[in-house]
Every structure is written in structure tokens, then in C-alpha cells.
Amino acid sequence: MPLNTIRVIDSHTGGEPTRVVIDGGPQLTGSFADRVKTLQKNHENFRAAVCNEPRGSDVLVGALLTPPVDPTATAGVIFFNNVGYLGMCGHGTIGVVTTLAWQGLLLPGIHRIETPVGTVTTELHASGRVSVRNVPSFRHAKDVEVEVPGHGTVHGDIAFGGNWFFLCADHGKTLAQENIEELVDFSWRIRLTLESKNITGRSGAHIDHIELTSSGSLPHINSKNFVLCPGKAYDRSPCGTGTSAKLACLAADGKLKPSERWLQESIIGSVFEGSFEPDEAGIIPTIEGIAYVMAETTLVIDPNDPYRNGIPSVQQAISN
Ligand code: PYC
């Protein structure tokens, strides 16, 4: 049987990797929603082969390019990870724009990118930085009380920034790299509690990202976060959609004014710059960061390889 090959370009944005599939991925047709459904229903092996071990890792976010349906967009993209699919991905969008520029397909300027939750407007700056004007973001609920087993009561806001987040500030933890194992375990217990208590986003939406927040480690940084992603990997970047959700909460509390700059630090110290414009649905956030291309490679799917479709992630069951 012939070997199947998939060409990818790997980049990272603030330490968080994005693997853009540039050739060999499924050809999707129909409306954008149909494409997402087809990918989810018929191409699970593709997702797992690209993202899961042994070719990928839990932290990797994959990006499948597809021709846009929206005539104003330059490209369409569907993001996926070790357990499933993302609505939007901020660090991933910065990675996609950087990758397309690296291939010589995009010049500095404005480029609209279609995603499953709407079209975002990106700007590739001459410096190589990329800003992403995200989809409308909003806070759904404030100060929701959650009893975390083995810890006690915490409170958090439920907000949408392209994905659904539970943002918690009264966690009592130190957001530092040496505590990552503890932060993963604690955030995962919050996630399980939200599920067991049926605490959801709007219209029953699954809250699959947990964001712990604290003050920044330097005086000019507004806030630091630790974001646990759906498949139990933590975001090395400040999380573009998580920063958008944070901006929505700040705006709802009147703590940040339109156009005011917000510096959001990640658990490893990388920083996104954020700001927002008011919108009838909440806010339109813009986040800015920089990505670096790390590898251009061809994945080989050998039909004789028992792990050709990846090792299923142990987190798969809960996330589906
Ligand atoms: O940057 O939006 C983001 C993101 C979501 C999951 C990982 N990164």
C-alpha cells in the first residue's frame, strides 16, 4: 500500500505550537459549518495522526487550511488538538498568518481569516507581529460559585472569547512554572466540577477552558494567566481566546476602557497585547503577538504502522 503523506509547517506563538497542514489534508466542501462537521465526522484519524503522539503531542494545535466560504476572507482554517476541535484559536491564528507569510503567500497588511465561529480580521505588521481582531466576545455569568473537591469554594466568570472559559481569580495558587503540575490538577478538578454540576456557557455550551488569573510578574504587565486547554494540556502562550474572554470580563466590570492597552502574560512569561472595541454583543477584542516558524516537514502515515493514527489521548473520553 502507498504511504500517505501530509505536509506541515510548525510554528510557535509565545511558546505554544501550531502545526499548519499545507498539503495532504482532507479536501472539504460545502458551507463552513458543513466542513467542520465533515472533518469531525469522517476524519478523526487525520486529526489524531497530525496532533497526537507519536507524531504530535498534547500541547500541539493543528490548523487545517480550507478555501474560505466568506468572500471577504483570504483563507479558512479549522483548529484541532489532542481531543477534538476549537472554535477559534488566537495563538493559532497568529501562527497561520506567520506561516502563510513565511511561504510568501501573504504580505504585510490586513487579511481576513474564516474560522468555525466567524471571520476574524488579522493584520500582519512589517515587524512580523500579528494582530487578530477576534469574534464578538462577552461575559455570560459573573462570580459563579464552584466547590472544588479537595480545595473548597472558588468563584469564576464564564465568558466567551471564541472558546468558552471559566476565569477564576480567587484560587489561592501561585501562578509559577514550578507549580504547573499542581495548576493542571487543580484546573482539571474545576473543569470536572463544572461538568458534573452542569455549569455551562450560553445555550448549554461546554466550558472546556479553565483560566486562572493573577497579577503580572512585572509592574507594567496587567495580568498573568494559566490556561488549561480541553485535552488537559496547558497553554504556553497567554491564550488569544482566553485573553479575549478576560477583556470581555474587564469591560463588563468597567475596569478597562475601549482602546486601552492590556498586557496579558502567560505562565511561561510570554505576553500578548490586548484591547477592545465595544460591540452590541459585548466587545470586539484585538490581541497581538508574534510567532516563529520552527519546521517544515512531511508527516508519513505508513499503513503498516499500528500507531499511524496516533495514540488516543486519555483525555478523549471526557472531552467528547
Ligand atoms: O490562543 O486562543 C488560543 C488558544 C486556545 C487554545 C490554545 N490556544
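Just so you know, all these numbers are worked out from the coordinates, no wet-lab data involved. Note that the coordinates shown come from a computational prediction; the quantities given were computed from them, not determined experimentally. Virtual Cβ from ideal backbone geometry, glycine too; neighbours counted across all protein chains shown.
Listed by chain and number, the lysines whose C-alpha is less than 26 Å from the C-alpha of Lys41, apart from same-chain residues fewer than 8 away, are Lys232. The alpha-carbon of Lys257 sits under 25 angstrom from the alpha-carbons of these lysines, leaving out residues fewer than 8 places away in its chain: Lys142, Lys224, Lys246.
Taking GluC sites (Glu not before Pro) as exposed when DSSP calls them loop and at most 16 other C-beta atoms lie within 10 angstrom, the chain has its longest site-free stretch at 1-259.
If we count every other residue with Cβ under 11 angstrom of Pro71's Cβ, Lys/Arg +1 and Asp/Glu -1, where does the sum land? Combined, the nearby Lys, Arg, Asp and Glu give -1.
For Leu212, the shell of other residues with beta-carbons less than 13 Å away shows a net charge of -2, using +1 for Lys and Arg and -1 for Asp and Glu. Candidates Leu250, Thr66, Val96 compared by Cα position along the dipole of the chain: farthest toward the positive end lies Thr66, with charges placed on Cβ. Values of log10 I(q)/I(0) for segment 144-269 across q = 0.14, 0.17, 0.18, 0.20 Å⁻¹ run -0.55, -0.82, -0.93, -1.15, by the Debye formula with one identical scatterer at each alpha carbon and no solvent. Out of the trypsin sites (Lys or Arg not before Pro) in segment 218-303, which ones are loop residues according to DSSP with at most 13 other C-beta atoms within 10 Å? Here the trypsin sites (Lys or Arg not before Pro) that fit, given the DSSP loop and packing criteria, are Lys255, Arg261. Starting from the Cα gyration tensor of segment 124-195, take the square roots of the eigenvalues, sort them a ≥ b ≥ c, and report rounded, prolate or oblate (rounded when a/c is under 1.5, otherwise prolate if a/b is larger than b/c, else oblate). Taking the square roots of the gyration eigenvalues as a ≥ b ≥ c, segment 124-195 is oblate. Bridgeable aspartates and glutamates around Lys173 (alpha carbons under 14 Å apart, same-chain partners fewer than 8 residues away excluded): Glu181, Glu182, Asp185, Glu211.
The mean of 1/r over all pairs of different alpha-carbon atoms in segment 1-143, once inverted, gives a Kirkwood hydrodynamic radius of 15.6 Å. Each Lys and Arg Cβ is given +1 and each Asp and Glu Cβ -1; about its Cα centre, the chain then shows a dipole of about 360 debye. Suppose we look only past 26 Å in the calculated P(r) of the chain. What percent of the Cα-Cα pairs does that tail hold? The calculated P(r) of the chain puts 43 percent of pairs beyond 26 Å. Largest GNM mean-square fluctuation among Ser259, Ser217, Ser203, using the chain with Cα springs under 10 Å: Ser203.
Of the residues Val227, Val144, Val36, the one that moves most in a GNM of the chain with alpha-carbon contacts below 10 Å is Val144.
Please compute the net charge surrounding Val148, taking Lys and Arg as +1 and Asp and Glu as -1 over other residues with Cβ under 14 Å from its Cβ. With Lys, Arg at +1 and Asp, Glu at -1, the neighbours total -2.
Taking every full run of DSSP H in the chain, none both stretches at least 30 Å from end to end by Cα along its long axis and averages -0.5 or higher on the Kyte-Doolittle scale. Share of antiparallel DSSP beta bridges in segment 176-270, in percent to the nearest 5? Within segment 176-270, antiparallel bridges account for around 75 percent of the total.
Reported to the nearest whole Å, the Cα centre-to-centre distance from segment 184-238 to segment 120-161 is 9.
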